[in-house]
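Structure, as structure tokens:
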Amino acid sequence: MLETLDPTIITFTIYLVLVLGIGVIAYLRTKDFSDYILGGRSFGPLVTALSAGASDMSGWLLMDYQERYSQKVYHRVG
């Protein structure tokens, strides 16, 4: 049976089990809604700054991608 299994199926199954395990652990550690949304306010300023920077860059990237490929004109803002 194991000889016929595709490595992709095995890898996906391991990945799925790991992600579900992380989800169950996170669920058990969450006490209320604010704990879920804010991570229990346990993140420091470095993680908060990285998150804000990544969100900002992601927004600009999506706007640039749309303009670049819909109008075939490269226009960089920011």
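The values are calculated or read from the model by the stated rules, or taken from the named source; none is laboratory data. None of these values were measured; they are calculated from a predicted model. Quick reminder, even Gly has a Cβ in these numbers, built from the backbone with ideal geometry, and neighbours come from all protein chains shown. Note: accessible area is taken over every heavy atom of the protein model, side chains too, but ligands, DNA and RNA are not part of it. Shrake-Rupley method; radii C 1.70, N 1.55, O 1.52, S 1.80 Å.
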Practice prompt. Would you be able to tell me the number of residues in segment 1-30 that are of a type outside the set (A, V, I, L, M, F, W, C) and at pLDDT below 85?
Written response: 2
Response to the item:
Taking segment 38-67 and keeping residues at pLDDT 85 or above, open to solvent by 80 Å² or more (accessible area, probe 1.4 Å) and either touching a helix residue (DSSP H, G or I) at 6+ places or on another chain (Cβ under 9 Å) or not hydrophobic (A, V, I, L, M, F, W, C) (or both) leaves P45
Item to complete: Search segment 7-37 for residues being of a type outside the set (V, I, T) and open to solvent by less than 70 Å² (accessible area, probe 1.4 Å), and hand back the single one that is farthest from S51 (Cα to Cα).
Response: G21
